[in-house]
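Scroll down for the structure; my scribbles are underneath it.
The values are calculated or read from the model by the stated rules, or taken from the named source; none is laboratory data. Keep in mind it's a predicted model, so treat the numbers as computed, not measured. Here the Cβ positions follow ideal geometry from the backbone for every residue, glycine too, while neighbour counts run over all protein chains shown.
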Amino acid sequence: MPSSFRQEFELDLTQKIKIKNHITLLPDPLMVFSANVDEHSKYLFPLFSIDLRIINPLWNETLHMLDFNEDPYNIKTVETFNEYCKEEMIAFELIEGKYKFMTSFNYFDLTPDWQEWFEETKSNYYRIKKYYNENGSLPDKSNGESPNIYEQIGGEPDWIQHDATPIDPQGNKMTFICRVYTGNYTGYSCAKDIYLFYSDSCNLAVLLYQID
């Protein structure tokens, strides 16, 4: 193995280990939601928590990557929309490292057809979480490969579609934290790429998704 390649491999491995030390997989909802934990947990599935010091050493804060299902065919949910909770996007006020959903939970109301997809996602999530609790890892993919626990951490987001970087209430671009492919956590029926953004000055976390 050429020395330059070996050094690059070792640096990459060291970085991956460093990142992994800042991530908690499939955290307990009590560590994720600030209040109404049962209500949050009906609709929101915690995939991992991330220590933001991996992004900025001055940020002694924790954010949470979640999977969520909205029904694109339920036109009544538009009544719950606001600047940060709308089609393909949800947001949370960050309170001491925990999330408070920033609109009514009616945002997640489902039509009967979409309810089936939601139940499948929910079932897959708890099945994979049970496997993780028993084995300490996510289950391998059908081809035998280990799944990625994340697609990106920090830097500039690789968009599946168009640039959708949210703007915080002060008019600033929010900081990209990470991206995940949900198929590795909740199955492939409603799989999507979810992007997590953060505003330190506004205590705001935004999750938005795109589908290939």
Residues of region 192-212 that turn out to be surrounded by fewer than 18 Cβ atoms within 10 Å (Cβ to Cβ) and more than 20 Å from Ser34 (Cβ to Cβ), as a count | 3
Which is part of a loop (DSSP other than H, G, I, E, B), surrounded by 11 or more Cβ atoms within 10 Å (Cβ to Cβ) and out of contact with any Asp or Glu (no Cβ under 9 Å at 6 or more places or on another chain), of Pro157, Pro139, Pro147, Pro169?
-> Pro139
May I ask you to list pairs of residues, at least six apart or on different chains, whose Cβ atoms are under 9 Å apart, with the first in region 117-132 being over 15 Å from Ser189 (Cα atoms) and the second being among the β-branched types (Val, Ile, Thr) and crowded, with 18+ Cβ neighbours inside 10 Å?
-> none
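Quick one: which of Ala205, Ala164 is of a type in the set (A, V, I, L, M, F, W, C), over 22 Å from Ser123 (Cα atoms), outside any strand (DSSP E or B) and modelled with pLDDT of 95 or more?
It is Ala164.
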Matching residues in region 58-103 - criterion: being assigned to a strand (DSSP E or B), of a type outside the set (A, V, I, L, M, F, W, C) and out of contact with any helix residue (DSSP H, G or I) (no Cβ under 6 Å at 6 or more places or on another chain) = Thr62, His64, Lys86, Glu93, Lys98, Tyr99, Lys100
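On the given criteria, is Thr111 surrounded by 12 or more Cβ atoms within 10 Å (Cβ to Cβ), in contact with a Cys (Cβ under 8 Å, 6 or more places away or on another chain) and among the hydroxyl-bearing types (Ser, Thr, Tyr)?
When the stated conditions are applied, Thr111 does not pass them.
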Checked Tyr132, Tyr198 against criteria (more than 25 Å from Glu83 (Cα to Cα) and touching a strand residue (DSSP E or B) at 6+ places or on another chain (Cβ under 8 Å)); the one match is Tyr132
With the condition kept exactly as written, say whether any residue in region 119-134 is assigned to a loop (DSSP other than H, G, I, E, B) and either surrounded by fewer than 17 Cβ atoms within 10 Å (Cβ to Cβ) or modelled with pLDDT under 95 (or both).
-> no
With (1) basic (Lys, Arg); (2) under 20 Å from the mean Cα position of the chain (by Cα); (3) farther than 22 Å from Leu30 by Cβ as the list, and Lys76 as the residue in question, which single condition is left unmet?
-> (2)
Selection from region 38-73 of residues over 17 Å from the mean Cα position of the chain (by Cα) and hydrophobic (A, V, I, L, M, F, W, C) yields Leu58, Trp59
